[in-house]
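Engineer: Dropping the structure in here first, questions after.
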Amino acid sequence: MTTTTPGTAQVELAIGGMTCASCAARIEKKLNRMDGVEATVNYATEKAKVTFGADIDVADLIATVEATGYTAAEPAPPRSETPGDGGPSDEEKADEELRPLRQRLVTAVSLAVPVIAMAMVPALQIEYWQWLSLTLAAPVVVYAAWPFHKAAWTNAKHGAATMDTLISVGTIAAFLWSLWALFFGTAGTPGMTHPFEFTIARTDGAGNIYLEAAAGVTAFILAGRYFEARSKRKAGAALKALMQLGAKEVTVLRNGREVTVPTAELQVGDRFLVRPGEKIATDGTVVEGSSAVDASMLTGESVPVEVGVGDSVTGATLNAGGRLVVEATRVGADTQLARMAKLVEDAQNGKAAAQRLADRISAVFVPVVIALALGTLGFWLGTGQGLTAAFTAAVAVLIIACPCALGLATPTALMVGTGRGAQLGILIKGPEVLETTRKVDTIVLDKTGTVTTGRMTLITVHTAEGVDEKDVLRLAGALEHSSEHPIAQAVATGAAARVGTLPTPEDFANIPGLGVQGVVEGHAVLVGREKLLDEWAMALPAGLRSAKDTAEKAGKTAIAVAWDGRARAVLEVADAVKETSPEAIRRLRALGLTPILLTGDNKAVAEAVAAEVGIDEVIAEVMPQDKVDVVKRLQAQGRSVAMVGDGVNDAAALAQADLGLAMGTGTDAAIEAGDLTLVRGDLRAAADAIRLSRRTLGTIRSNLFWAFAYNVAALPLAAAGLLNPMIAGAAMAFSSVFVVGNSLRLRGFQAADR
């Protein structure tokens, strides 16, 4: 629990027992009715973020949630991640939570399949098939469907109707009527069959059983719930991925000795050692040494930052150069990494989960059907037709109103759509994501790693008069190959790609903050900043100076090359634009989206990249923690915002955006925070992802319509007492076949570049 403004406090509660988005809405409504309470409940993360006054206790909040029919508790403190501590891993705990649902699903599927087969295939209807069906269907309706019955009862106590209510009422009605027909009617007679007769005639219902409807609906819905639950378990993985970025151990300098301790034990003022290739343990100030720090995983900036004594460094960034001694200035929850994790968490909690379409329809459909069933019962009793005929017609209304296809509508379309997406390098997290793709009108693109390659690349070589470019690349590349600096490695990689094998330097020296010098093939070579050449009294000629100034104005890194006493070339190194990015921007515009380039890099770099790919609006020099504020500002303007990113610094913005698209080549934190993952690392996949998501959503909507339409069309027959088992079975079978066939059409979806 944390204190916010004076007199108020804030707590995060773990909520249990929610089965759909309407459950979250109901809990939120109950909590907000309490005086002085402001609550946000997130179905995806199963958490409630509550701000409350001093006169309210956390126990009161928990009691309110429990009175609503759900469970609530303060989350347990984070468990130590020490290897071998004997505690269950997060994966094991997640599997333990899913195990009951998986057991119910396995039970339902294994028992429902033969029940459905016997009901639909007359050849399988042996002499006592109906009693075998009862034996198999009973555990499905009672045990496997128990969560639906429990949720329906909870909903009923609070005057609400959801998908759970429809499932529970329909399956119980079908099962109880089948019991009556078997024990008190003629359905239990040995040799009874359900022939394929599509006659419309009034019957007393005594020979009709609907066990396949009860078992089949349960199995189908459980399958959808299981796969949805598996997806939901990953909702908090972005936070875990963020926190795992930090160093686990750190070498602290104490009393002149180097002592290795867990990072959690660091205190403000401690001095710690960071060797080349190690992560910086926490935020601090450099007190000894100089190096290049690769902060791209956290800030998204492609160019390594040169740091020296007095410069600030950020925890979780990588020391790519020399040895550093850093004095800790912020530790624990105060660090930039921890604050970013909090931003992601707040964005996830504040992002309302999309209401499932089936629940929206059920909220109206279920009360109407129940009212119609009661009206049918009253009508037939009032006309003197007798209790059996009246009850038969009323129960038939409930049975026909529970469509098997509803259980297939979302899962089959999602399964086919996500399967096709995976083939094209697009991963869709769940059905809630799809609704947003229809509404987005603005797409915010992170620059580094999204529009660009995300790595330093040798772009251009400018040579002095009479100097061969291959000589420049061979000599400069050989010297830079011996340096661990990221820019040096970019030069070496680019040189090797253009001229082949590089020679080995005969002598090499690193000049901190300036560049490198050495002897290659008998030439005394200098590669680095212009200042390095100035120290050796080598001035850049006018042509090379102009090339250097132009490159730096465009935000590129210019590297001077000299040998044997004369400046010979200037190399341009930059984060190169992906070849496919301009085409991707054209496709996004064609979908009605307005692209915006967002980056932490300087404005000159951003505008140069935007001009190259065809983006008009640029937001540059944005700090990592401020990216989420940019998204919020755009949303406040009435825009529906999609965000594409790949770095840890993008995770909070991805979670805050209406639609988050994470590049699969990026960090785990970004991928887990996104709604869609683009495995291909190709920005054109963003346009394909939105097209596929919109197509899948359209398929789900048409599936839901037809899942109800076939059965609604038969409701008048049921109310008139004219429904026979084959018409009911045919309505269910036709709607199911249509739903599956409609979903399979998604297999023909093609990426625009295929």
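The values are calculated or read from the model by the stated rules, or taken from the named source; none is laboratory data. None of these values were measured; they are calculated from a predicted model. All Cβ positions, even for glycine, are placed from backbone atoms using ideal geometry, and neighbour counts span all protein chains on display. Note: areas computed on protein heavy atoms with side chains; ligands, DNA, RNA excluded. Shrake-Rupley method; radii C 1.70, N 1.55, O 1.52, S 1.80 Å.
Engineer: Using r as the Cβ-Cβ distance of Ala59 and Lys150, and R0 as 22 Å, what FRET efficiency do you calculate, to the nearest 0.05? Kindly include the intermediate steps, with their values, before the conclusion.
Structural biologist: Numbers: r = 24 Å, r/R0 = 1.10.
Rounded to the nearest 0.05, the efficiency is 0.35.
Engineer: Follow-up question, since we're still on this one. Using the heavy atoms of the protein chains and a 1.4 angstrom probe, tell me the accessible area per residue for the stretch 465-541 in square angstrom.
Structural biologist: 49 Å²
Engineer: If I ignore ligands, DNA and RNA and count only protein heavy atoms, how much of Val287 is accessible to a 1.4 Å probe, in Å² to the nearest 10?
Structural biologist: 50 Å²
Engineer: Using a cut-off of under 16 Å, list every residue of the stretch 441-483 whose amide N is near the label point 7 Å from the Cα of Thr501 along the Cα-to-beta-carbon line.
Structural biologist: 474-475, 478
Engineer: A 24 angstrom limit on the alpha carbon distance is what I want to check against. Which of Lys30/Lys150; Lys279/Lys548; Lys603/Lys627; Lys439/Lys627; Lys49/Lys279; Lys49/Lys439 exceed it?
Structural biologist: Lys279/Lys548; Lys49/Lys279; Lys49/Lys439
Engineer: For the stretch 547-634, with every protein chain kept in place, what is the accessible area per residue (1.4 Å probe, Å²)?
Structural biologist: 40 Å²
Engineer: Going by Cα centres, the stretch 601-622 and the stretch 474-531 are how many Å apart?
Structural biologist: The stretch 601-622 and the stretch 474-531 have Cα centres spaced 31 Å from each other.
Engineer: So, one more: Give, as ranges by residue number, the residues of the stretch 549-571 whose backbone N falls under 16 Å from the point 7 Å along Cα→Cβ of Glu612.
Structural biologist: In the stretch 549-571, the label zone of Glu612 (backbone N under 16 Å from the point 7 Å along Cα→Cβ) covers 550-559, 571.
Engineer: In the stretch 561-638, carbon and sulfur make up what percent of the accessible area (probe 1.4 Å)?
Structural biologist: 46 percent
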